[in-house]
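*Asks:* Pasting a structure here, questions to come.
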Amino acid sequence: MASTRGRVLTLLQDGNVWSGQELARQLNISRTAIWKHIETLKQDGYAIVTIPRTGYQLIEQTDRFDEPAFVSFRRGRFGQEVHAFEQVDTTQRIAHELAQQHASEGTLIISEEQTAGRGQLGRNWYNPKQVNIAASVILRPELPIREASKLTLMAASAFARALNDRQLPVKIKWPNDLLLNGKKIGGILTEMQTEGDRIQAVILGFGINVNGGHIPTELSHRATSLRIETGQEHRRSELLAHLLNSLEAEYDLLLEEGFAPIREHWLQHAAYLGEEVTILASGKERKGTMRGISDEGALLMEREGRIESIYSAEIAVWND
């Protein structure tokens, strides 16, 4: 359930002038309560003006990344419950705790800053304040444990599709990196909670480099941001809502129709398809031609005329 502040902001998003009386009627609360929520939103940095004897107006969209801002753009069932923070070590840890406390599917955890964000192979994720999307969502799929890894590919497909919808030609680097113009702009981390042979919860964490204008020199050969690549800033809460809508649709498709349509979507945005790649597995390098992914989600690599299925490895692109 959205907070009252979030519901107030949702109404103000149209940019029109809303009277306190009409806001109170729409939300079934007092005009005094409306005034208090408006004042709190102002203190939080929302550009709302009070027009004497007329009402309230949101005069400028700001890049807030909190519960009211997200709720004002939310459209689907994912994110119906939102836990927002200014700073956490990782949203994954909070999500794990909430999942153990029986939080519902679709519960969303977001933070303006992560101090210990991590990605593939335990790498740290560079995440400065107030520029990126750092989020985790709790899923409770009715899937065998052996199929849980497909959720990473499903999420990558969903996010690539969502970003391409916005004229951002994002590609997927198997299995969980999102690339724009050959550099990483995001990644996905899935972790499981199990009981016996059943999945209790999957914690799907993701990070997107959005409005950062600078990447540290040691990362600049491999990482970038949407702002650097497009020259434009993006409203993170609106973008997050769009990503979650796509995730929800792709997730439902996986559960209803299986992995086949997800695989097709994934291949539409696959990086290096048909190209020679080097993979790192167990500390060893192997070269071959990427031929896609299997029905099980394995990387398919052609070597010496034979197709090999690779289940655990990294496509080596950048020299660290």
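Read the figures in this text as sums done on the coordinates, not as results from a lab. Predicted, not measured: the structure shown is a model, and the values here were computed from it. Note that each Cβ is placed from the backbone with ideal geometry, even for glycine, and that neighbours are counted across all protein chains shown.
*Asks:* Which three extents, in whole angstrom, do the alpha-carbon atoms of segment 276-316 cover along their principal axes, largest first?
*Replies:* Over segment 276-316, Cα extents along the principal axes are 26, 20, 12 Å.
*Asks:* Sort out for me the Cα centre separation of segment 198-251 from segment 288-316, rounded to whole Å.
*Replies:* Segment 198-251 and segment 288-316 have Cα centres separated by 26 Å.
*Asks:* At 37 °C and 0.692 mPa s, what whole-number value in µm²/s does Stokes-Einstein give for the translational diffusion of segment 4-60, with Rh from the Kirkwood sum over Cα pairs? Walk me through the intermediate numbers first.
*Replies:* Values: Rh = 10.9 Å.
For these conditions, the coefficient is 301 µm²/s.
*Asks:* Here's another thing I want to ask about it. Add -39500 (n - 2.57) for each DSSP H run of 4 or more in the chain, then divide by its residues: what number comes out at 222 nm, to the nearest 500 deg cm²/dmol?
*Replies:* Details: 9 runs with 99 residues, N = 320.
Mean residue ellipticity, 222 nm, calculated: -9500 deg cm²/dmol.
*Asks:* Same structure, new question: Explain nothing, just the number: relative contact order of the chain, from Cα pairs under 8 Å at least 6 residues apart, as a whole percent.
*Replies:* On the way: 627 pairs, mean separation 45.1, N = 320.
RCO, the chain: 14 percent.
*Asks:* Treating the chain as a set of equal point scatterers at the Cα positions, no solvent, please give the Debye-formula log₁₀ I(q)/I(0) at q = 0.06, 0.14, 0.16 Å⁻¹.
*Replies:* -0.23, -1.09, -1.35
*Asks:* Assuming a viscosity of 1.002 mPa s and a temperature of 20 °C, what translational diffusion coefficient in µm² per second does Stokes-Einstein assign to segment 15-141, Rh being the Kirkwood radius over Cα pairs? Don't jump to the answer; show the numbers that get you there.
*Replies:* Numbers: Rh = 16.7 Å.
Using the Kirkwood radius from Cα pairs, D works out to 129 µm²/s.
*Asks:* Checking the table LYS150/LYS287; LYS129/LYS184; LYS171/LYS287; LYS42/LYS184 against a 27 Å threshold on Cα-Cα, which pairs fail? Present the calculation step by step, with values, prior to reporting the outcome.
*Replies:* Details: LYS150/LYS287 24 Å; LYS129/LYS184 19 Å; LYS171/LYS287 21 Å; LYS42/LYS184 35 Å.
Exceeds cut-off: LYS42/LYS184.
*Asks:* When only C-alpha pairs under 8 Å and at least 6 residues apart count, what is the relative contact order of segment 4-60, in percent?
*Replies:* Numbers: 65 pairs, mean separation 23.2, N = 57.
So the answer I get is 41 percent.
*Asks:* Could you rank the peptides 6-12, 301-307 by their average count of other C-beta atoms within 10 Å per residue, with the highest value first? Present the calculation step by step, with values, prior to reporting the outcome.
*Replies:* On the way: 6-12: 21.9, 301-307: 11.4.
Those peptides, ordered most packed to least, come out 6-12, 301-307.
*Asks:* Provide the FRET efficiency to the nearest 0.05 for the GLN80-ARG286 pair, computing r from the beta carbons and using R0 = 45 Å.
*Replies:* Details: r = 45 Å, r/R0 = 0.99.
The value I calculate is 0.50.
*Asks:* May I ask you to compute the full-extension gain from THR54 to ARG306, defined as 0.36 nm times their residue separation minus their alpha-carbon distance, rounded to one decimal in nm?
*Replies:* Values: separation 252, 0.36 × 252 = 90.72 nm, distance 7.33 nm.
Difference between extended and current length: 83.4 nm.
*Asks:* Can you tell me how much longer the chain between GLN101 and ARG198 gets when fully stretched, taken as 0.36 nm per residue apart minus their C-alpha distance, in nm with one decimal? Could you put the intermediate results ahead of the total?
*Replies:* On the way: separation 97, 0.36 × 97 = 34.92 nm, distance 1.72 nm.
Full extension of this stretch gives 33.2 nm more.
*Asks:* If you average 1/r over every pair of different alpha-carbon atoms in segment 143-195 and take one over that average, what Kirkwood value in Å do you get? If you can, show how the numbers build up before the last one.
*Replies:* Values: mean 1/r = 0.0848 Å⁻¹.
11.8 Å is the Kirkwood radius here.
*Asks:* On alpha carbon coordinates alone, what is the Rg over Rh value for segment 245-284, Rh being the Kirkwood radius? Working shown, then result.
*Replies:* Numbers: Rg = 14.3 Å, Rh = 12.3 Å.
On the Cα set of segment 245-284, Rg over Rh gives 1.16.
*Asks:* Taking the number of other C-beta atoms within 10 Å as the exposure measure, put ASP89, ASP14 in order starting with the fewest.
*Replies:* Working: ASP89 14, ASP14 10.
In order of increasing Cβ crowding within 10 Å: ASP14, ASP89.
*Asks:* Continuing with the same structure: Given bins 5 angstrom wide, list per bin the percent of all Cα-Cα distances in segment 205-320, short to long.
*Replies:* Taking all Cα pairs of segment 205-320, the binned fractions are 2, 9, 13, 16, 16, 17, 16, 8, 2, 0 percent.
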